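Asker: Got a structure for you, questions after.
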Amino acid sequence: MTTISEAKTTQYEPPTADIHDAVCCEFIDLGMQKSPYNGEEKHQGVFVFQVAERNEPDAVGKSGRKQVRLWFNMTFGNEAYPSKIRKILGSWLGQPLSQVQLRSFQIETLVGKPCRLVVSHGTGREGRTVAKVDNVLPPGETELSLEDYSPSAERVEKTDPSPPSEQQTAAIGDPPVSSEDDIPF
């Protein structure tokens, strides 16, 4: 009998700990997730980024870009106590977002947008080196575009284009405002 850990055949090679030109290739809304620390349920999301650094060529000579993920709770906090994602968005967009901007902000609009990532290394569950995104910065002089990326069917199913539930709207704030003019994209 093969266990899941034995079935893994790919070797994850994280991007180097550095500042990387990158592009956001996917946003995944994970919905409500139970915290392993205190058992609380929190609405969580993940950004998937491609960085310019490439993987070693595989058996057929193909080498795609390395990827890194940024996990976060989907709450914005407030100006006095901003959440992780609120700080990240302010850094990425080059300015903090006001409460009014946050109410109308569609996080999915960041997919395909270039940026720079501050990547560090940590130790994963099985003692492997993993990449962590410490910050997302505005794009530099070299702006990457998406390259050979298609989300898995499992991820596509989890990304629901339907309007947010009342619970999701309450976590983000008041209903969306119709104008997107104040958002710097």
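Just so you know, all these numbers are worked out from the coordinates, no wet-lab data involved. Quick caveat: nothing in here was measured; it's all calculated off a predicted structure. Neighbour counts are summed over all protein chains in view; Cβ atoms, including those assigned to glycine, are modelled from backbone coordinates with ideal geometry.
Asker: Using the Cα gyration tensor of segment 81-127, with a ≥ b ≥ c the square roots of its eigenvalues, what is the shape: rounded (a/c below 1.5), prolate (a/b larger than b/c) or oblate (neither)?
Answerer: prolate
Asker: Quick one: if the Förster radius is 22 Å, what FRET efficiency do ASN73 and GLN106 give, using the C-beta to C-beta distance and rounding to 0.05?
Answerer: E between ASN73 and GLN106, to the nearest 0.05, is 0.80.
Asker: With labels modelled as points extended 7 Å from the Cα through the Cβ direction, what inter-label distance (nm, one decimal) is found for GLN33 paired with SER120?
Answerer: Computed distance between label sites GLN33 and SER120 equals 2.0 nm.
Asker: For the pairs LYS34/LYS132; LYS42/LYS66; LYS34/LYS87, flag any whose C-alpha to C-alpha distance is greater than 27 Å.
Answerer: Those over the limit are LYS42/LYS66.
Asker: Kindly write out, for segment 116-126 in residue order, the coupling ³J(HN,Hα) from the Karplus curve 6.51 cos²θ - 1.76 cosθ + 1.60 (θ = phi - 60°), rounded to whole Hz, with x marking Gly and Pro.
Answerer: Couplings: 10, 10, 9, 10, 10, 10, x, 10, x, 4, 9 Hz.
Asker: Could you compute the net charge surrounding PRO14? Neighbours are other residues with a C-beta less than 15 Å from the C-beta of PRO14; K and R count +1, D and E count -1.
Answerer: For residues surrounding PRO14, the net value is +1.
Asker: Short version: ³J(HN,Hα) in whole Hz for each residue of segment 89-103, in order, from phi by Karplus 6.51 cos²θ - 1.76 cosθ + 1.60 (θ = phi - 60°), x for Gly and Pro, what are they?
Answerer: Calculated HN-Hα couplings, in order: 4, x, 5, 4, 7, x, 6, x, 8, 6, 4, 5, 5, 5, 4 Hz.
Asker: Next question, about the same structure. Rg/Rh for segment 51-106: what does it come to with C-alpha atoms and Rh from Kirkwood?
Answerer: Taking Rg over the Kirkwood Rh, I get 1.24.
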